[in-house]
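Asks: Right, I'll just put the structure down here and ask away after.
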Amino acid sequence: MRKTALITGPTSGIGRFTALELARRGYDLILVARNAAKARQLQMEIGNAVSTGFVQCDLSSIASVKEAVEEIKAGYQHIDLLINNAGLIVQHRQTSVDGIELTFATNHLGPFILTTGLVDLLKAAESAKVVNLASAAHFFAFRYQTTKLANPPHYHDLVIYSRTKLANILFSNELSERLAPFGITSNAVHPGTVSSSFAGDGNGVTAWFMKFFKPLLRTPQQAAADIVNVATAPELNDITGQYFAHSKPARSSGKAKNRALARELWAFSEALADVVLI
Ligand SMILES: NC(=O)c1ccc[n+]([C@@H]2O[C@H](COP(=O)([O-])OP(=O)(O)OC[C@H]3O[C@@H](n4cnc5c(N)ncnc54)[C@H](OP(=O)(O)O)[C@@H]3O)[C@@H](O)[C@H]2O)c1
């Protein structure tokens, strides 16, 4: 059976090089992206050696993610590798079409709906793996409260982003528990501080930091190599519920390891996925 990898956000930065490396290794790809022109460009670059499908999806929109899930379920039999890579930081508060703070909608809720919607395809693979792009920024998830994630009372871009990256680890851990009986693993990866398009739109502190230190940052190719390693290295086959920094197991924060917080986030996300706020 040919192996199929789904990757979100393959149109830029880390995701682009992860897609290219997986194609080089012979994986058929499902490119989940919001920008059709960029996705088509990547398809052309990858060429015909592997099959490359494109599914249009705005991860910040609940309806768009649900449509993408249906399209993928209709077109594919199994998913061996699901890489939740897409993510962003938003300098000034913005709200998604569903009335949810945009960073949380894009970085956590969309991937939550996508991944849980595709569990049957993961189960249909020989031994599926989920890799979730998190960040060491999760250590700065100050005043994290599950019920305030969708509509936080105060906005600071880095704190808001950090909370979503903590959510990525909590989700990854809870998913690992729920999918362990089916032999499916779920791990979270901090890719290092990487020179990509990340924070590129802003002119705040994070954007300034990324631009100023650009020559010292890791390349997206290096980060992609680590992600592909976590996703495919035979010696990591049975590792699940782990937080990696680059491709080494690393210590995550106390909150990230909190099982009750993970369960609470899961229930909160399920409720949001069904009830649109506006
Ligand atoms: N760069 C770092 O230093 C760093 C550090 C730690 C963790 N990370 C994590 O690594 C991941 C990849 O980041 P990157 O550095 O490669 O950033 P990037 O170059 O900005 O790429 C982000 C990708 O996410 C996609 N995306 C953003 N919003 C989306 C939406 N609403 N729907 C669908 N796709 C969307 C973008 O699509 P478009 O091409 O259409 O914009 C792009 O393909 C993120 O989860 C980030 O949090 C990055």
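Asks: In deg cm²/dmol and to the nearest 500, what is the mean residue ellipticity at 222 nm of the chain if only DSSP H runs of at least 4 residues count, each as -39500 (n - 2.57), divided by the residue total?
Replies: Per the formula, -12500 deg cm²/dmol.
Asks: Follow-up. As a quick test, which of the pairs 38/66; 3/66; 3/73; 129/248 have an alpha carbon distance above 19 angstrom in this structure?
Replies: 38/66; 3/66
Asks: Taking a cut-off of 14 Å between Cα atoms, list the aspartates and glutamates near residue 257, but don't count ones fewer than 8 places away on the same chain.
Replies: 174, 177
Asks: Right, another one. What does the charge count near residue 4 come to, summing +1 for each Lys or Arg and -1 for each Asp or Glu among other residues with Cβ under 9 Å from its Cβ?
Replies: 0
Asks: Same structure, new question: So what's the net charge close to residue 119: Lys and Arg +1, Asp and Glu -1, counting the other residues with Cβ under 12 Å from its Cβ? Write out the running numbers ahead of the final one.
Replies: Numbers: positive: 73, 123, 178; negative: 120.
Taking every other residue near residue 119 into account, the sum is +2.
Asks: Please express the shape of segment 158-275 as an equivalent ellipsoid: the semi-axes are the square roots of 5 times the eigenvalues of the C-alpha gyration tensor, given largest first in whole angstrom.
Replies: Output for segment 158-275: semi-axes of 27, 21, 11 Å.
Asks: Would you mind counting up the charge near residue 180? Only other residues with Cβ under 12 Å from its Cβ, with Lys and Arg at +1 and Asp and Glu at -1. Let's see the in-between values first.
Replies: Values: positive: 178; negative: 174, 177, 238.
Cβ neighbours under 12 Å give a net charge of -2.
Asks: Where the centroid of each part is defined by its Cα atoms, how far is segment 1-28 from segment 162-179 in Å?
Replies: Distance between centres, Cα-based: 22 Å.
Asks: Under 5 Å between amide H atoms, partner at least 5 residues away or on a different chain: which partners does residue 245 have, H built in plane at 1.01 Å?
Replies: Sorted by chain and number, the residues that satisfy this are 190, 250.
Asks: Starting from the Cα of residue 201, step 7 Å along the direction of its Cβ; do the same at residue 71; then give the gap between the two resulting points in nm.
Replies: 2.0
Asks: What whole-number volume per residue, in cubic angstrom, does the convex hull of the C-alpha atoms of segment 141-214 give?
Replies: Values: hull volume 8.8 nm³, N = 74.
Measuring per residue, one finds 118 Å³ for the Cα hull of segment 141-214.
Asks: On to the next question. What ranking, highest mean first, results for peptides 147-157, 103-113 when packing means the other Cβ atoms within 10 Å averaged over each residue?
Replies: Highest-to-lowest ranking by the protection proxy: 103-113, 147-157.
Asks: A follow-up question, please. Give me the percent of the accessible area of the chain that comes from carbon and sulfur atoms, probe 1.4 Å, all protein chains in place.
Replies: Percent of accessible area from carbon and sulfur atoms in the chain: 53.
Asks: Compute the accessible area per residue over the chain, keeping the other protein chains in place, probe 1.4 Å, unit Å².
Replies: 45
Asks: About its Cα centre, what dipole magnitude does segment 4-274 give when the only charges are +1 on Lys and Arg Cβ and -1 on Asp and Glu Cβ, stated in debye to the nearest 20?
Replies: That gives segment 4-274 a dipole magnitude of about 840 debye.
Asks: Let me ask something else about it. Relative to the compact-globule scaling 2.2 N^0.38 Å, provide the ratio for the alpha-carbon radius of gyration of segment 1-148.
Replies: 1.05
Asks: For the chain, set up a Gaussian network in which alpha carbons nearer than 10 Å are linked by springs, and say which option among 43, 221, 145 fluctuates the most.
Replies: Sorting by GNM fluctuation, first place goes to 145.
Asks: Enter the mean projected area of the convex hull around the alpha-carbon atoms of the chain, in nm², rounded to one decimal.
Replies: If I average the Cα hull's projected area over directions, I get 13.4 nm².
The values are calculated or read from the model by the stated rules, or taken from the named source; none is laboratory data. Quick caveat, the model's predicted, so the values are computed rather than measured. Neighbour counts run over all protein chains shown; Cβ positions are idealised from the backbone, glycine included. When the accessible area is computed, the model is the full protein with side chains, heavy atoms only, and any ligands, DNA or RNA have been set aside. Shrake-Rupley method; radii C 1.70, N 1.55, O 1.52, S 1.80 Å.
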